[in-house]
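The values are calculated or read from the model by the stated rules, or taken from the named source; none is laboratory data. Small disclaimer: the values here were computed from a predicted structure and weren't measured. Positions of Cβ are generated from backbone atoms using ideal geometry, with glycine treated the same way; all protein chains shown enter the neighbour counts.
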Amino acid sequence: MKINQDLAALHGYLCGDGYVTRNSKHQKHVYYHTALRNTNLVLLKDFQSRFYNYFKIKPIIYKNERAIVYSKEIYHKLVNEFGSFYSREWKIPKFNKINLRNWLRAFYDCEGWVELQKAKSRVIGLQSINKSGIRAVQRGLSNFNINSSLKYKNNRDIWDLRICGLDDLKRFAKYINFLHPNKNEKLKQAINSYVNYNWNIPKNKKELLEFIKAKGKIRKNTQQIKVHTIKLNNLIKIKRLLNKYNIKSKIHGPWKNQHGSINYYLTLNKKVL
């Protein structure tokens, strides 16, 4: 079978919420099913369209919950080419980067989710009982410089793959993304929920000192004003501007807080304000 973007996506769908099955050989009436089970019509129609593009057969969509084809020929083509599609047994074929993107998108549309707790947790999650399969997914993500963490949940006999951090969420959105409308929108919300820690620092002396006063806290015992940030470059810019106006300041850090976050602070005499 010739591998292209349509077949790569179909394979991802079938490994996620799909199935390629036949009934027992001992039964009188033999049937062959290739189908996607999903309640999202956008995904069902994408599966239907890609299936028709590749096989020239249009799956039937039933009750907006599955798209199915009855074909002995297609069953054998898929099984002979790719082997099993069962949840513990599927494997990612050797794809080029374009086809891998299509496979990952379809699989994540079926199996993935987005967790959003503003200022606490922003995660693209995926779980599978297929150890070798989910490790292959992790390796596939690394092809797009998307970092992820993989843990085994012993109490559930399942592998948990997580993508965290703004840069990796952005890379996922850029290279993989979701076709599923709700997941797509939630990923946008997760990315947009991050605070921009790069300060827009005024250059005018009066405005600069007002900015420092608004950002800083006064230490009564030392009569200094202290400005905290997790971005060292913010303080470097402030210090350079203060130097321009012959105002002494000092940068301290890095320090690690109780949550493990790195931060820095700048101090200067409060009298200059």
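For region 1-40, what are the residues that are of a type in the set (S, T, N, Q), in a loop (DSSP other than H, G, I, E, B) and at pLDDT 95 or above?
Of everything in region 1-40, those that are of a type in the set (S, T, N, Q), in a loop (DSSP other than H, G, I, E, B) and at pLDDT 95 or above turn out to be ASN4, ASN38, THR39, ASN40.
For region 36-45, give me the residue count where each residue is aliphatic (A, V, I, L, M) and either free of Cβ contacts under 8 Å to residues at least 24 places away in the same chain or outside the structural domain of CYS15 (by TED's automatic domain parsing) (or both).
2
When region 58-73 is examined, which residues are found to be part of a strand (DSSP E or B) and either over 18 Å from THR21 (Cα atoms) or not charged (D, E, K, R) (or both)?
ILE60, ILE61, TYR62, ALA67, ILE68, VAL69, TYR70
Among the candidates LYS213, LYS239, which residue alone is surrounded by fewer than 16 Cβ atoms within 10 Å (Cβ to Cβ), assigned by TED's automatic domain parsing to the domain that holds LEU268 and closer than 30 Å to THR267 by Cα?
Residue meeting the stated conditions: LYS213.
Restricting region 85-127 to residues that are small (Gly, Ala, Ser) and in contact with an Asp or Glu (Cβ under 7 Å, 6 or more places away or on another chain), which is nearest to VAL20 (Cα to Cα)?
My answer is GLY125.
Here's a check for you: in region 107-161, which residue that is free of Cβ contacts under 8 Å to residues at least 12 places away in the same chain and in a loop (DSSP other than H, G, I, E, B) is nearest to SER87 (Cα to Cα)?
Per the stated criteria, the residue is ARG156.
Quick check on region 23-35. Is at least one of its residues without any contact (Cβ under 8 Å) to a residue 40 or more places away in the chain and either buried (at least 18 other Cβ atoms within 10 Å of the Cβ) or within 30 Å of the chain's Cα centre (by Cα) (or both)?
yes
Within the group ILE251, ILE218, ILE201, which residue is touching a Phe, Trp or Tyr at 6+ places or on another chain (Cβ under 8 Å), farther than 30 Å from TYR108 by Cα and in contact (Cβ under 8 Å) with a residue 24 or more places away in the chain?
That would be ILE201, the only listed residue that is touching a Phe, Trp or Tyr at 6+ places or on another chain (Cβ under 8 Å), farther than 30 Å from TYR108 by Cα and in contact (Cβ under 8 Å) with a residue 24 or more places away in the chain.
Taking only region 135-158 into account, find how many residues are hydroxyl-bearing (Ser, Thr, Tyr) and crowded, with 16+ Cβ neighbours inside 10 Å.
1
The conditions are (1) under 25 Å from SER49 (Cβ atoms); (2) touching a Lys or Arg at 6+ places or on another chain (Cβ under 8 Å), and GLU115 fails exactly one of them. Which is it?
(1)
Are there any pairs with C-beta distances below 7 angstrom linking a residue in region 46-63 that is on the phi < 0 side of the Ramachandran plot and polar (S, T, N, Q) to a residue that is loosely packed, with under 15 Cβ neighbours inside 10 Å and modelled with pLDDT of 95 or more, with the two at least 6 apart or on different chains, and if so which?
Pairs that qualify, where the first residue is on the phi < 0 side of the Ramachandran plot and polar (S, T, N, Q) and the partner is loosely packed, with under 15 Cβ neighbours inside 10 Å and modelled with pLDDT of 95 or more, are GLN48/LYS58.
Please state which of the following conditions ARG101 fails to meet, knowing it meets all the rest: (1) touching a residue at least 40 places away in the same chain (Cβ under 8 Å); (2) in contact with a Lys or Arg (Cβ under 6 Å, 6 or more places away or on another chain); (3) not assigned by TED's automatic domain parsing to the domain that holds LEU161.
(2) is the only condition that ARG101 fails.
State all residues of region 43-83 that are surrounded by 15 or more Cβ atoms within 10 Å (Cβ to Cβ), over 19 Å from LEU7 (Cβ atoms) and not basic (Lys, Arg); if no residue qualifies, say none.
ILE61
Return yes when TYR152 is under 15 Å from the mean Cα position of the chain (by Cα), aromatic (Phe, Trp, Tyr) and over 28 Å from ASN40 (Cα atoms) and no when it is not.
Answer is no for this residue.
Which condition number does ASN177 fail, the rest of (1) buried (at least 17 other Cβ atoms within 10 Å of the Cβ); (2) modelled with pLDDT of 95 or more; (3) over 24 Å from ILE129 (Cα atoms) being met?
Only one criterion in (1) buried (at least 17 other Cβ atoms within 10 Å of the Cβ); (2) modelled with pLDDT of 95 or more; (3) over 24 Å from ILE129 (Cα atoms) is unmet by ASN177, namely (3).
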